[in-house]
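Undergrad: This is the structure, below, for whatever I ask next.
Nothing in this text is a laboratory measurement; each read-out follows from the coordinates by a stated rule. Since we're looking at a predicted model, the values are computed, not measured. Please note: Cβ atoms are built from the backbone with ideal geometry, for glycine as well, and neighbour counts cover all protein chains shown.
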Amino acid sequence: MTNKVVNALSISRRGLLVGAVALAACDTDDTPIVAADSGDAIQFAGAPGSGEDVAAGSYRLNPGDKMRIIVYGQNHLTGDYALDNAGVLSFPLAGQIKASGMTPGELERTIKSKLDPDYIRGASVSVEVASKRPFYIIGEVRNPGSYPYVSGISVFNAVALAGGYTYRARENSFYIKRTGKDGQIVRVAATSNTVIRPGDTIQVRERYF
């Protein structure tokens with residue numbers, strides 16, 4: 001009787017071990033995983049500090065962001081602009097500006113330096129973020145894809161926008177992929193209450209049992 005109990009326990013432990021190995025094998029993404037608080041310490045493009053939405057002054061521009069650029073007294077230069085897929089802004093007279101990673105204030109100074117004094121002496125420039133780049137949600141949701149960013153939106157809200165979970169979804173654990181200012185990509189371990197940032201990719205994982 002004792003031998004049977006021992007054998008049963010041994011089989012059970014082996015089963016748990018095999019299951020753990022299988023779960024590890026299923027995760028083929030080698031992107032580094034960081035905790036939410038550790039992720040907040042990384043200088044993310046678009047958010048250099050807090051996990052909450054960031055102030056306009058510290059927001060860093062990236063592809064997909066749209067801006068309202070005003071050159072005072074120059075209506076032909078004032079208008080709505082967007083960064084292309086390479087993070088480059090094409091601006092009249094100033095030419096091609098690698099704006100990815102800049103704050104709006106830094107972009108203002110860059111444009112001004114290119115206009116003054118060669119084209120417009122004493123140029124006064126204002127840059128405002130008109131709309132931030134979208135976020136993405138993939139995995140076990142009904143309508144994966146890109147969605148317009150809304151300030152303060154959480155993972156839970158994002159899932160709702162994507163039509164809710166599929167029946168295979170793991171509903172209490174997520175990864176958020178983020179790109180840092182230095183180009184580093186990490187996966188942030190998140191919950192449904194985690195506030196997302198512009199450009200985030202939310203991964204809703206599949207449950208295995």
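Undergrad: Just tell me which lysines come within less than 16 Å, Cα to Cα, of residue 177; anything on the same chain fewer than 8 places away is out.
TA: Output for residue 177: empty list, no partners.
Undergrad: Between residue 86 and residue 138, with labels modelled 7 Å along Cα→Cβ, what's the label distance in nm to one decimal, could you check?
TA: Result for the modelled spin labels: 2.4 nm.
Undergrad: In addition: May I ask which residue of 152, 164, 95 lies farthest towards the positive end of the charge dipole of region 69-205, with charges of +1 (Lys, Arg) and -1 (Asp, Glu) on Cβ and the Cα centre as origin?
TA: With unit charges placed on the Cβ atoms, the residue in question is 164.
Undergrad: Sticking with this structure for a sec: Hey, can you grab everything whose amide H is under 5 Å from the amide H of residue 170? Only 5+ residues off in sequence or another chain; H modelled, so Pro and N-termini drop out.
TA: Counting only residues 5 or more places away or on other chains, the set is 205, 206, 207.
Undergrad: Same structure, new question: If you take every residue apart from residue 173 with its C-beta less than 10 Å away from the C-beta of residue 173, what net charge results, scoring Lys and Arg +1 and Asp and Glu -1?
TA: Values: positive: 170, 205, 207; negative: 171.
Around residue 173, the charge tally is +2.
Undergrad: By per-residue mean of other Cβ atoms within 10 Å, what is the highest-first order of 185-193, 141-149?
TA: Details: 185-193: 16.8, 141-149: 14.8.
The most tightly packed comes first, giving 185-193, 141-149.
Undergrad: Expected output is a single nm value to one decimal: the length gained when fully extending between residue 191 and residue 167, i.e. 0.36 nm times separation in residues minus the C-alpha distance. What is it?
TA: 6.8 nm
Undergrad: Using modelled amide H (1.01 Å from N, peptide plane; none on Pro or chain starts), what sits under 5 Å from the amide H of residue 194, excluding residues fewer than 5 places away?
TA: Under 5 Å from the amide H of residue 194: 155, 156.
Undergrad: Here's another thing I want to ask about it. Starting from the Cα of residue 28, step 7 Å along the direction of its Cβ; do the same at residue 206; then give the gap between the two resulting points in nm.
TA: Inter-label distance under the simple model: 1.1 nm.
Undergrad: Related question: So what are the ³J(HN,Hα) numbers for region 91-96, from phi and the Karplus equation (6.51, -1.76, 1.60; θ = phi - 60°), rounded to whole Hz, Gly and Pro as x?
TA: Calculated HN-Hα couplings, in order: 10, x, 6, 7, x, 8 Hz.
Undergrad: In addition: What length, rounded to one decimal in nm, is gained on full extension from residue 157 through to residue 76, with 0.36 nm per residue of separation minus their alpha-carbon distance?
TA: 25.2 nm
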